Amino acid sequence: MFLDYDMVVLVRDVPERRLRAGDVGTVVQLNEGGAILEVEFVTGDGEQVALVTLASSDVRAMTDEEILHVRLLS
């Protein structure tokens, strides 16, 4: 179960929004008891790349053993 403002990791590509599995986003809204999430993805300087409605199965929680990584939007 996710909470508002949790950082989550995308587990599948969303090419129409230029997102790839492994991209990190923030839960900004929970719907349908947490089954549907609004997740925001931003650039390193905080500019919004996408605000996407996702099923909770499309993301996973980050773990304490993970490190963030960057990529160019293309």
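The values are calculated or read from the model by the stated rules, or taken from the named source; none is laboratory data. Model, not experiment: these values are computed from the prediction. For neighbour counting, all protein chains shown are included, and Cβ atoms are generated from backbone atoms with ideal geometry for every residue, glycine included. Surface areas here come from the heavy atoms of the whole protein model, side chains and all, with no ligands, DNA or RNA. Shrake-Rupley method; radii C 1.70, N 1.55, O 1.52, S 1.80 Å.
Could you tell me whether residue 12 is in contact with a helix residue (DSSP H, G or I) (Cβ under 9 Å, 6 or more places away or on another chain), in contact (Cβ under 8 Å) with a residue 12 or more places away in the chain and of a type in the set (D, E, K, R)? Answer is yes for this residue.
Out of 39, 11, one residue alone is at pLDDT 95 or above, open to solvent by 50 Å² or more (accessible area, probe 1.4 Å) and within 17 Å of residue 62 (Cβ to Cβ). It is 11. Every condition in (1) in contact with a Phe, Trp or Tyr (Cβ under 9 Å, 6 or more places away or on another chain); (2) modelled with pLDDT of 95 or more is met by residue 34 except one, and the failing one is (2).
Can you tell me which residue within the range 14-36, out of those that are open to solvent by 50 Å² or more (accessible area, probe 1.4 Å) and of a type in the set (Gly, Ala, Ser), is farthest from residue 72 (Cα to Cα)? Ranking the candidates gives 33 first.
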